[in-house]
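Visitor: There's a structure below that I have some questions on.
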Amino acid sequence: MSAPNPAERLKKVLPVPYTKFLPDILKRNLGRWVDRKFHGYGIIEHISETGERVFTVKVGTPPNFRFATSTLREFAKVADELGVGALRFTRNGNIEILADSLDKALKIREVVEKMGYPVGGWGPTIWSINSCTAFLTCTTAVVDAPSITKALYDALKPYFTGEITLPAKLRINVSGCPSSCGGLTSDINLVGHYGDAPTYDPERIKLCLPKSAKALEAGHVPEVAEVCPTNAIKVYGKQDGSVGLDIIRSKCIACGRCRDVCDWIDFDSSKAGVAVLLGGKASNTGRGPLPSVQVIPWVPAVPPEYREIVAVVKKIIDEWRRDAKQGERIGDWLMRIGYEEFYRRLNIPVTKWNQPPRFGGEFGIRQFFQTA
Amino acid sequence: MNGLETGVSKHKDRIGDFIMKVGFKKYTEEILGVKVPYKPSLHGRLGAGAVLDDGERRMWLDWVNNIVKEYEGRI
């Protein structure tokens with residue numbers, strides 16, 4: 001059978017045109033939106049060249065966007081009765097409900113606030129606090145990211161609704177482990193980790209290793225070593241033909257992936273905490289795209305209130321609010337004042353885990369273009 | 001399915017790891033066939049995590065507790 005001609009793919013019609021399920025007002029105005037206007041921090045008016053308008057109401061959702069089906073039905077009812085019969089989930093876990101008049105949008109805000117959900121998240125506010133799923137469905141979680149997110153939302157709600165404004169957009173990510181599924185490119189990133197290298201039972205660890213060193217000679221790498229992202233686990237053949245294991249403390253980042261594939265690797269969960277990374281952003285505004293930098297290697301994660309984490313995040317936001325220029329995101333602000341100065345202001349100890357970064361050149365898309 | 005036997009993906013095999021392995025210049029010029037006007041930014045360690053001894057943990061705990069005290073009644 002001959003291979004299909006790739007050019008045939010261009011003629012392929014998708015099974016369902018994506019516009020099929022759009023509300024009529026959106027179908028009529030496809031490609032015609034020309035302007036927009038903000039009504040507070042949670043409602044945007046989109047204006048079409050036809051004169052029609054759509055109002056989007058942005059609603060903050062529970063950590064990790066977890067909903068009971070009954071709650072989803074309530075939201076759908078609101079969207080049907082007050083909106084144009086459409087709602088969408090944003091990639092950062094907010095819900096946007098569409099209406100065709102400002103009066104209806106304001107009514108939607110009133111109804112969802114009564115349901116207990118905040119409206120806001122546009123302009124110089126917190127746009128979202130993203131969280132990974134952690135223990136609910138994940139096997140590598142170290143700390144319960146959604147619970148930390150809940151504690152942060154409780155403390156920072158006025159920054160989402162716009163009751164208190166910020167110098168610029170602020171996004172926060174919370175990840176339960178260094179796999180960082182909650183995200184690592186936001187202004188503030190919290191990443192759970194064990195804070196110490198693992199230990200192991202020298203006898204039982206053999207259950208996770210090949211029985212004979214001959215397997216290593218043949219090129220086999222045991223999974224417990226293979227999964228380590230920093231090559232901190234070394235396996236070696238002993239003179240008696242058995243296999244030994246070493247954990248190189250100086251390379252270990254305490255992510256816990258080894259424990260995930262071997263029950264006889266052990267971490268002391270009482271030492272678990274979060275690392276705080278600042279200044280990431282994908283946006284091309286300001287200094288352009290920036291990576292996040294670890295500034296505080298460890299803050300204890302103490303449920304249920306996580307007061308230590310909340311206090312540190314508030315301290316960082318307060319210092320940013322006090323000093324940043326209008327429109328200056330945390331990464332841009334840190335680049336302007338310098339990480340050393342930031343450490344000095346917050347009295348942050350400088351260790352090998354939070355060395356001030358030495359940036360040179362451009363990140364992201366900017367490195368592909370000549371500047372004028 | 002390959003890689004799903006234990007539910008753990010091998011993070012050493014992601015695209016960024018691959019670029020680091022072959023080198024940014026070789027990746028862009030020989031594999032992608034583009035000439036990039038700038039070198040990628042140089043920067044320090046960007047990973048998250050730390051392996052601390054008891055003394056270091058105490059130091060960070062003291063630092064954190066000072067901030068908790070500062071925010072007492074406000075969080």
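Visitor: Before we move on, is residue A:305 more than 18 Å from the chain's Cα centre (by Cα), under 16 Å from residue B:71 (Cα atoms), part of a loop (DSSP other than H, G, I, E, B) and within 13 Å of another protein chain (Cβ to nearest Cβ)?
Guide: On the way: more than 18 Å from the chain's Cα centre (by Cα): yes; under 16 Å from residue B:71 (Cα atoms): yes; part of a loop (DSSP other than H, G, I, E, B): yes; within 13 Å of another protein chain (Cβ to nearest Cβ): yes.
Here the answer is yes, as residue A:305 does meet what is asked.
Visitor: While we're looking at this one, here's another question. Can you tell me how many residues within the stretch A:223-241 are among the β-branched types (Val, Ile, Thr) and within 12 Å of residue A:255 (Cβ to Cβ)? So that I can check it myself, show each step before the final result.
Guide: As a first pass, look at the stretch A:223-241 and keep what is among the β-branched types (Val, Ile, Thr): A:224, A:227, A:230, A:233, A:235.
Narrowing further to those that are within 12 Å of residue A:255 (Cβ to Cβ): A:227, A:230, A:233.
Residues meeting the conditions: 3.
Visitor: Of the numbered conditions (1) touching a helix residue (DSSP H, G or I) at 6+ places or on another chain (Cβ under 9 Å); (2) modelled with pLDDT of 90 or more; (3) surrounded by fewer than 16 Cβ atoms within 10 Å (Cβ to Cβ); (4) not polar (S, T, N, Q), residue B:7 satisfies every one except a single condition; which is it?
Guide: With (1) touching a helix residue (DSSP H, G or I) at 6+ places or on another chain (Cβ under 9 Å); (2) modelled with pLDDT of 90 or more; (3) surrounded by fewer than 16 Cβ atoms within 10 Å (Cβ to Cβ); (4) not polar (S, T, N, Q) applied to residue B:7, the lone miss is (2).
Visitor: Residue by residue through the stretch A:225-242, note down the ones that are polar (S, T, N, Q) and either within 14 Å of another protein chain (Cβ to nearest Cβ) or within 16 Å of residue A:265 (Cα to Cα) (or both).
Guide: First, the residues of the stretch A:225-242 that are polar (S, T, N, Q): A:230-231, A:239, A:242.
Scanning the stretch A:225-242 gives A:230, A:231.
Visitor: Here's a follow-up. Scan A:299, A:312 and give me the residue that is among the β-branched types (Val, Ile, Thr) and either assigned to a strand (DSSP E or B) or more than 20 Å from the chain's Cα centre (by Cα) (or both). Before you say what the answer is, go through the steps one by one.
Guide: Numbers: A:312 fails: either assigned to a strand (DSSP E or B) or more than 20 Å from the chain's Cα centre (by Cα) (or both).
Only one candidate qualifies: A:299.
Visitor: Continuing with the same structure: Name every residue in the stretch A:162-180 that is surrounded by 20 or more Cβ atoms within 10 Å (Cβ to Cβ) and among the β-branched types (Val, Ile, Thr), in order of residue number.
Guide: Correct list: A:172, A:174.
Visitor: Any residue at all in the stretch A:296-319 that is under 24 Å from residue B:74 (Cβ atoms), small (Gly, Ala, Ser) and buried (at least 20 other Cβ atoms within 10 Å of the Cβ)? Before the answer, list the steps.
Guide: Residues of the stretch A:296-319 under 24 Å from residue B:74 (Cβ atoms): A:296, A:298-319.
Okay, now just the ones that are also small (Gly, Ala, Ser), so A:301, A:311.
The next check asks that each one be buried (at least 20 other Cβ atoms within 10 Å of the Cβ); those that pass are A:301, A:311.
Yes.
Visitor: Could you list, in sequence order, all residues of the stretch A:243-268 that are within 14 Å of chain B (Cβ to nearest Cβ), within 12 Å of residue A:197 (Cα to Cα) and surrounded by fewer than 20 Cβ atoms within 10 Å (Cβ to Cβ)? Working first, answer last.
Guide: Applying the first criterion (within 14 Å of chain B (Cβ to nearest Cβ)) to the stretch A:243-268 yields A:247-263, A:265, A:267-268.
Checking which are within 12 Å of residue A:197 (Cα to Cα) leaves us with A:247-259, A:265, A:267-268.
Answer for the stretch A:243-268, where residues must be within 14 Å of chain B (Cβ to nearest Cβ), within 12 Å of residue A:197 (Cα to Cα) and surrounded by fewer than 20 Cβ atoms within 10 Å (Cβ to Cβ): A:247, A:248, A:249, A:250, A:251, A:268.
Visitor: Any residue at all in the stretch A:225-242 that is part of a helix (DSSP H, G or I), on the phi < 0 side of the Ramachandran plot and either under 19 Å from the mean Cα position of the chain (by Cα) or surrounded by fewer than 24 Cβ atoms within 10 Å (Cβ to Cβ) (or both)? Before the answer, list the steps.
Guide: As a first pass, look at the stretch A:225-242 and keep what is part of a helix (DSSP H, G or I): A:225-226.
Adding the requirement that they be on the phi < 0 side of the Ramachandran plot leaves A:225-226.
Add one more test, that the residue is either under 19 Å from the mean Cα position of the chain (by Cα) or surrounded by fewer than 24 Cβ atoms within 10 Å (Cβ to Cβ) (or both), and what stays is A:225-226.
Yes: the stretch A:225-242 contains one or more residues that are part of a helix (DSSP H, G or I), on the phi < 0 side of the Ramachandran plot and either under 19 Å from the mean Cα position of the chain (by Cα) or surrounded by fewer than 24 Cβ atoms within 10 Å (Cβ to Cβ) (or both).
Visitor: Another question about this same structure. Go through (1) farther than 20 Å from residue A:56 by Cα; (2) among the aliphatic types (A, V, I, L, M); (3) under 17 Å from the mean Cα position of the chain (by Cα) and name the single condition residue A:166 misses.
Guide: With (1) farther than 20 Å from residue A:56 by Cα; (2) among the aliphatic types (A, V, I, L, M); (3) under 17 Å from the mean Cα position of the chain (by Cα) applied to residue A:166, the lone miss is (3).
Visitor: Return only the number of the condition from (1) modelled with pLDDT of 90 or more; (2) at negative phi that residue A:279 does not satisfy.
Guide: For residue A:279, the failing item is (2).
Visitor: Are any of the residues in the stretch A:183-204 on the phi > 0 side of the Ramachandran plot and modelled with pLDDT under 90? Outline the logic, then answer.
Guide: First, the residues of the stretch A:183-204 that are on the phi > 0 side of the Ramachandran plot: A:183, A:195.
Filter once more, keeping what is modelled with pLDDT under 90: A:183.
Checked against the condition, which is being on the phi > 0 side of the Ramachandran plot and modelled with pLDDT under 90, the stretch A:183-204 yields at least one hit.
The values are calculated or read from the model by the stated rules, or taken from the named source; none is laboratory data. Just so you know, these numbers come straight off a predicted model, no measurement behind them. Note that each Cβ is placed from the backbone with ideal geometry, even for glycine, and that neighbours are counted across all protein chains shown.
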